[in-house]
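In what follows, a single structure is set out as structure tokens and then discussed.
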Amino acid sequence: MRYTKIIGLLIYLLLIAVCFLPWTYHADLHKNFTGFFSENNIYGKPGKFFTIFSIVCILCIGIDKVWVKFTHLFFAGVIVAYALKTYHLYTSSYNAYSPEKLPGIYFLMILSILSLIIAVFPDLKIKQNKKGE
């Protein structure tokens, strides 16, 4: 458990980087969709959400307070829920056409689940009472 802060930092930085990778390929449009690009912005920009929430979680990793760890757990859970929603949105079929799933969407899911695992097991030191209790 010594390296959970460093591993968490790497996970959130990779989660931000994955938003720039192609998530799906749409052969009918001949375009790759990423976290920041979709045709006519029809899927929105979930990369902004993942970037903002990852930065908040990075800040939560650095602060050693119990209430911040619970906040981190909440935000990591929201990231996982939004990643599931995004996976379903980007990979679902439309007009009898299914887009090709690229590794970026799988990395998004894996990293979001790893972020939740890091949030469940925080590196928090509890101070002992010196009165002999």
Which condition number in (1) modelled with pLDDT of 95 or more; (2) within 18 Å of LEU114 (Cβ to Cβ); (3) touching a helix residue (DSSP H, G or I) at 6+ places or on another chain (Cβ under 6 Å); (4) not polar (S, T, N, Q) is the one that ILE61 fails? (1)
In region 1-18, what residues are surrounded by 15 or more Cβ atoms within 10 Å (Cβ to Cβ) and among the basic types (Lys, Arg)? LYS5
Of the candidates TYR94, TYR43, the one satisfying the condition of being of a type in the set (Phe, Trp, Tyr), modelled with pLDDT under 95, touching a Phe, Trp or Tyr at 6+ places or on another chain (Cβ under 8 Å) and over 26 Å from THR4 (Cα atoms) is TYR43
Checking LEU14 against (1) free of Cβ contacts under 8 Å to residues at least 60 places away in the same chain; (2) part of a helix (DSSP H, G or I); (3) closer than 16 Å to TYR106 by Cβ: exactly one of these is not met. Which one? (1)
Looking at (1) at pLDDT 95 or above; (2) over 12 Å from the mean Cα position of the chain (by Cα); (3) of a type in the set (Ser, Thr, Tyr), which is the only condition SER115 fails? (2)
Return yes or no: is GLY77 closer than 27 Å to PHE20 by Cβ, of a type outside the set (A, V, I, L, M, F, W, C) and under 12 Å from the mean Cα position of the chain (by Cα)? yes
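The values are calculated or read from the model by the stated rules, or taken from the named source; none is laboratory data. Remember, it's a predicted structure, so these values are computed and weren't measured experimentally. Positions of Cβ are backbone-derived with ideal geometry, glycine not excepted, and every protein chain shown enters the neighbour counts.
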